[in-house]
1. Residues 38, 83: which one is part of a strand (DSSP E or B), modelled with pLDDT under 95, touching a strand residue (DSSP E or B) at 6+ places or on another chain (Cβ under 6 Å) and under 23 Å from residue 1 (Cβ atoms)?
2. Using beta carbons and a limit of 6 Å, which pairs, at least six apart or on different chains, have the first residue in the stretch 1-29 and free of Cβ contacts under 8 Å to residues at least 60 places away in the same chain and the second one assigned to a strand (DSSP E or B) and buried (at least 18 other Cβ atoms within 10 Å of the Cβ)?
3. Residues 45, 33, 40, 64: which one is surrounded by 16 or more Cβ atoms within 10 Å (Cβ to Cβ), closer than 24 Å to residue 87 by Cβ and more than 10 Å from the chain's Cα centre (by Cα)?
């Protein structure tokens, strides 16, 4: 079942996002199982919204790629990710 992931990165900035993104999406390509990626500023930092084919695919990406890339970016003490996942009822794309 597809899921939507909302990652609220309190304390993050576009600069932080731009440092992490090449590590998690080389050549600008979505990771396997990711259908959609939206990113932009939020009230407290930065927000990334993604849609995944399954929770298992997202958890594998999160644990194996995303969290290590965030830690490697060197802002682990300043950036606080808050990741929420929910099932997708309907996804409509152009």
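The values are calculated or read from the model by the stated rules, or taken from the named source; none is laboratory data. No experiment lies behind these values; they were computed from the predicted model shown. Here the Cβ is made from the backbone with ideal geometry for all residues, glycine too, and neighbour counts use every protein chain on show.
1. 83
2. 17/46
3. Values: 45 fails: closer than 24 Å to residue 87 by Cβ; 40 fails: surrounded by 16 or more Cβ atoms within 10 Å (Cβ to Cβ); 64 fails: surrounded by 16 or more Cβ atoms within 10 Å (Cβ to Cβ).
Among 45, 33, 40, 64, only 33 is surrounded by 16 or more Cβ atoms within 10 Å (Cβ to Cβ), closer than 24 Å to residue 87 by Cβ and more than 10 Å from the chain's Cα centre (by Cα).
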